[in-house]
1. What chymotrypsin sites (Phe, Trp or Tyr not before Pro) does the range 427-520 have in DSSP loop regions with at most 15 other beta carbons within 10 Å?
2. Quick check on the exposure proxy: order Cys174, Cys463 from fewest to most C-beta atoms within 10 angstrom.
3. Across 5 Å bins from the origin, how do the percents of Cα pairs in the range 477-621 run, short distances first?
4. Relative contact order for the range 92-337: what percent, with Cα pairs under 8 Å and sequence separation of 6 or more?
5. So for Ser473, Ser308, fewest C-beta neighbours within 10 Å to most, what's the order?
6. As I understand it, the dipole of the range 92-337 uses +1 on the Cβ of Lys and Arg and -1 on the Cβ of Asp and Glu, about the Cα centre. Which of Ser308, Ser187, Ile277 lies farthest toward its positive end?
7. Remind me, what semi-axes does the range 437-557 give for its equivalent ellipsoid, largest first in whole Å, using sqrt of 5 times each Cα gyration tensor eigenvalue?
8. Once you keep just the Cα pairs under 8 angstrom separated by 6 or more residues, what percentage relative contact order results for the range 109-230?
Amino acid sequence: MDGSPAPTPPTRTTSFLEIQRRTTEPIEDEESNAPNEDDRPASSNGSAHIRMESPVRPRLPKRNTNRGASSKSISEALRMARSREEQETLLGEHEEADDDGCYPPRKNADPTVPNPHADLPVYTTIHKIRRLVIASIDDPYSNEQLKSPRMNVAIVRPLIDHLYDPDDVSVVFCLLVNRAQFLREQSYQAHHQTVNITRASLCEIVAGRILRRFDEDHEGRSGLLMLAHVLVAGFEPFQNGPEDIVRQNRTEPHWTVRWKLARSEYQRMLTALEVAIVTEAKGFLATSACQKIVENVYRGRIIYTPTSFIDILPDHYKNRGITLYDPRRAPILNQYRLIVPRTRSIIETCQFVILLVLYVLTMTMKARHTGPDHLKFRVLELVFVVYAIGWNLDEIASITEHGWTVHTENLWSFLDIAFVVIFWTYFGVRVHGLTHHDTEYSVLADQILAMGAPVLLPRLAFCLMSDNMLFISLRAMMADFTFLTVLACWCFGGFILAMAWLSEGQEGFLKHTVITISKWMLWIWFGLDGTGIQRSVEMHWFLGPLLMIMFAFLGNTLFLTILVAMLSNTYNNLSRNATAEIEFRRAVLTFEGVKSDAIFAYRPPFNVLALVFLLPLKFLLTPRWFHKVNITAVRILNAPILLIISWYERAYLWKRTARNNLSPSPRNRTWLSVWERFGAHGDLQAVFDADPPQEVLDEMDDIDDVLTNDWSDGRDYLSVLRARRGSRSVSEASGVFSGFSRSRSRMNGFRRRGTRDLPEPDGTDGNAAGSEDV
């Protein structure tokens, strides 16, 4: 990793002040000892030209990369296509997984595996990247300017070449950590705001490019695992830092570790995917390499033990690391498949539908009963309350799993939190009314519970259409609308107080209450009624109408105009980056769906029973016996679900290996694709159904060798290509000239024959002239 101590460019240990000093010094030509033109004496007539050398940005030394040219040959493109398909197909017979379905299989019978990245210098890399980015960016640039070819050559590409290391998977994590720091600094330092935003954007761009290079340089299933380690492996920001620095910042274990609510070996560990979500690096998350891992983790092809902040019911006896999952080798009742993001999403949707049905039935039953029995606590309401408590426990566990910041990035998190508040308010009031036999509190509890309908019904739409751009925009616009509404109520509160004080009579009593005046102003605000303007003379003959008219101008005209402009701008920004927004929400759903807490393996309301009975056993049993009790209970309670998951994944989790590697399997063809084969354009599909034979592939390799190697004897691209095509007349009946890619001598013979077949520029036959040239 250490660069050679060449005088120019600077080594990796060179300070950035020295780098900047070298850029201002005149650059001498090392290959020639000729003096500079500035050192030559002026001419006799006294005219001298001053030449100023433009400062040259120093090149950062490259690390040990095996990166070749950027252009890809035909064979390399086919190889990469086969590699991508290999990553999506089931493991072969020669690739054995262990009894848990994990590939590569474990080396021993230990329940946990050591951290394979414990030796990486994460702390040093973080601060090295920070110094590099600060030295590279001194002025603010937009994202379009950072992605321009000029900035790519001057800044982005040197950073990528210097930072990329095939053996260091923590570089992407360190770049995203620096992005988080630059975004934090821009909120505290207004005079450096745009510069820090530019530096944060540069970290995101470089992280995406390095991740793509990891994807291109590592192929097959080993490459898929390597890419997964880059994104979902846990790293600690102080990893391998100086001992005194670590000692000052980590004096004692975290309180979650002391209370046995988190794993000590994963204390303070974060993943690159989590940091990207927290910093809203939507461009990074929308890259194809990142989405490849997100999709595989979402479907459960890649499994790993996630890091968590708090586990309500921790069971960390087993830790298999990052592996591929083979359902054929795994047990039929595999309880870990209950926390796969796709399975977890389907189960959560079913749980919410059950909650919604119980809610509607409970409220409908109360509306049908009249008389003294209307407020009785019935069996259906009891079922709803018990199930809702389990659903709320699942929601609270989701918040504590990865923290408040990650949970609020979910599309429907604000609706879930609103229903949690409504339910517990209803539950407290309802219990108080039943305990004291107070009918007023019971009626109030039913009224509070009725407020959950505007929350639960839209939440179902958010679940079923989570990729719809309308709902994604609606969530962002709700945040802007809430902020602007609160700010307007704060500012317009002075109008309410002024008109309330104006309505005091001679006796000191208010003619109109604050609530009445607020109602009139609200009608004026939304343009519903002008009663407030008509009744304002009752407060004061001149000041009352003056205040009302001023509020009408400011509220109904100015405020609503600003609100519409703000919401339109928000929607336009989101729709302009619709793909990045959708991929960002999908990454949030995937990351939050991978659960480590054992409480998520129990369906409501069984999770409440598990919390009551199993949590005390955690402190009484050994980790091994607690794990056995936990998985036994999970398998018994979820046996039908686990059987369905096992059957589905054995048939559809991976793509089956077909006879043609570069085309879809016949089993995956839909009835619509089969119907299209009978149409007028059926050959457009049929041409890709069969894999090209080996002789066609050899011919493509021949063309690639001719055009990429120095065998053209100075001829241009078109002449060589015409010569290659003309050689088919002397080949066999198949028209394939595959032998020339095997031997240079055969290629020389092909070149001579192709030269004779080429016409001369004047239109005459080139056989006679060509024979002399040969």
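1. Within the range 427-520, the qualifying chymotrypsin sites (Phe, Trp or Tyr not before Pro) (loop, at most 15 other Cβ atoms within 10 Å) are Phe509.
2. Neighbour counts put them in this order, fewest first: Cys463, Cys174.
3. Reading the bins upward from 0: 2, 8, 12, 12, 9, 7, 6, 7, 7, 8, 8, 7, 5, 2, 1, 0.
4. Relative contact order for the range 92-337 comes out at 29 percent.
5. Ordered from fewest to most neighbouring Cβ atoms within 10 Å, Ser473, Ser308 come out as Ser473, Ser308.
6. Projecting each Cα onto the dipole axis, the largest value belongs to Ser187.
7. The equivalent ellipsoid of the range 437-557 has semi-axes of 37, 23, 11 Å.
8. Result for the range 109-230 is 29 percent.
Read-outs: derived from the displayed coordinates by stated rules, not from any lab. Note that the structure is predicted; figures quoted are calculated from it, not measured. As a convention, Cβ positions derive from the backbone with ideal geometry for all residues, glycine included, and neighbour counts pool all protein chains shown.
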